[in-house]
Structure formats: C-alpha cells, structure tokens
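Right, one structure below, let's go through it.
The values are calculated or read from the model by the stated rules, or taken from the named source; none is laboratory data. Nothing here was measured: the structure is a model prediction, and the numbers come from that model. Cβ: placed from backbone, ideal geometry, glycine included. Neighbour counts: every protein chain shown.
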Amino acid sequence: MWGASADEHARPYPADREVPGRAMTRAVDVDAPPDLLWRWLCQVAVAPYSYDLVDNLGRRSPPHLTPGADRLEVGQVMAVVFRLTSFDDGHHWTAVTGRRGRRLFGPVAMTYAAEPRAGGGSRLVCRLVAGWPRPLVDALAWGDLVMMRKQLRTLKEYAERDARG
C-alpha cells in the first residue's frame with residue numbers, strides 16, 4: 001500500500017472487477033491539475049515510464065507528451081503487456097494482461113486514476129490486482145513496488161514540470 005491512504009486502498013476500482021485476487025494500491029501526490037496528470041497517465045500507452053532498461057528494452061520513455069496519446073480505445077496496448085478494457089476519459093483507465101502478459105505475470109488488472117486533491121493538485125492512484133496464489137503474489141508485490149514506485153514518481157515529475165512551465 002505504498003503512498004495510498006486507507007480510504008484509497010478500501011475504495012473499489014474497476015481493476016477489482018476484472019481479476020479476482022489480491023489488490024495492491026499505490027499513490028502519490030502530484031502538484032499538477034488532474035487534466036494534465038490524466039494526459040501523463042495516458043502516456044503509459046506509449047512507454048512504461050519505469051526502469052527503461054528493464055521495461056522498455058533500453059529505449060527511453062518520452063519525456064514530453066505524445067500528441068494523441070490521450071485518445072484511448074478499448075483493446076489498445078498499455079504498459080507493453082496490458083490491454084485497455086475500460087476508461088472514464090479524464091479520470092481513470094483500466095487494463096488487464098494480454099496473452100503475452102498472462103504468460104509472464106499471470107492474470108493481472110490495473111487501474112490508473114487522476115483524482116483531484118483537496119487544496120489543489122492531484123492524486124495519482126494505481127490499483128493492481130493479481131490473481132496468483134499468495135506466495136507468488138507476495139513476490140510480485142515486492143517487484144511491483146520497485147517498478148511502479150519509479151513509474152509513479154516519473155509521471156509525477158513530468159506532470160509537475162509541465163504544470164510549472
């Protein structure tokens with residue numbers, strides 16, 4: 001539950017309906033408006049924004065918004081191994097592992113949300129639900145913590161930079 005409040009962890013997200021399993025919630029404050037953060041969340045269709053050497057075959061995730069990346073379509077690839085299943089434009093998107101992703105990680109669903117923060121700015125919240133047996137999910141949780149923490153911090157950095165600029 002890295003960075004997430006108890007309320008965020010207890011709240012239902014669309015990923016919860018996609019895969020039965022253990023839910024992990026990650027979140028971070030972002031000093032940028034939700035609409036700008038949303039555009040950065042959509043960038044996950046372009047690149048993973050985590051450790052590029054591991055997640056993106058060494059290719060650098062783009063440091064600037066890609067025109068049109070925020071025009072989502074159900075079925076499109078997200079974060080290399082996920083397929084978009086639903087979205088609420090400007091608020092959240094949800095994806096599940098595709099065929100390749102299921103071979104690598106098993107059944108996993110994730111929801112990324114750009115939520116308004118009281119007092120201004122945003123909360124970037126990610127719910128990950130893994131449908132593996134407990135010992136495997138625990139191992140995934142530790143690996144995910146490292147990778148997703150980097151991803152959320154990178155998206156936060158870019159959204160805050162753009163909000164200042």
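Within the stretch 2-18, the presence of a residue that is modelled with pLDDT under 90, in a loop (DSSP other than H, G, I, E, B) and at positive phi is excluded.
If you go through the stretch 4-51 and keep only what is surrounded by fewer than 22 Cβ atoms within 10 Å (Cβ to Cβ), hydroxyl-bearing (Ser, Thr, Tyr) and under 19 Å from His91 (Cβ atoms), you end up with just Ser5. Can we say Ala163 is at pLDDT 95 or above, in a helix (DSSP H, G or I) and over 17 Å from the mean Cα position of the chain (by Cα)? Considered against the rule, which asks whether it is at pLDDT 95 or above, in a helix (DSSP H, G or I) and over 17 Å from the mean Cα position of the chain (by Cα), Ala163 comes out as yes.
Residues checked against (1) surrounded by fewer than 12 Cβ atoms within 10 Å (Cβ to Cβ); (2) modelled with pLDDT of 95 or more:
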| site | (1), (2) |
| --- | --- |
| Leu53 | yes, no |
| Thr85 | no, yes |
| Gly101 | no, no |
| Ala109 | no, yes |
| Trp142 | yes, no |
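Sub-7 Å Cβ pairs linking a first residue in the stretch 19-46 that is closer than 17 Å to Arg153 by Cα to a second residue that is charged (D, E, K, R) and buried (at least 23 other Cβ atoms within 10 Å of the Cβ), at least 6 apart or interchain, are Thr25/Arg127, ordered by first then second residue. I'm trying to understand the selection: among the residues of the stretch 87-99, which are modelled with pLDDT under 95 and surrounded by 20 or more Cβ atoms within 10 Å (Cβ to Cβ)? Thr97, the sole residue that qualifies.
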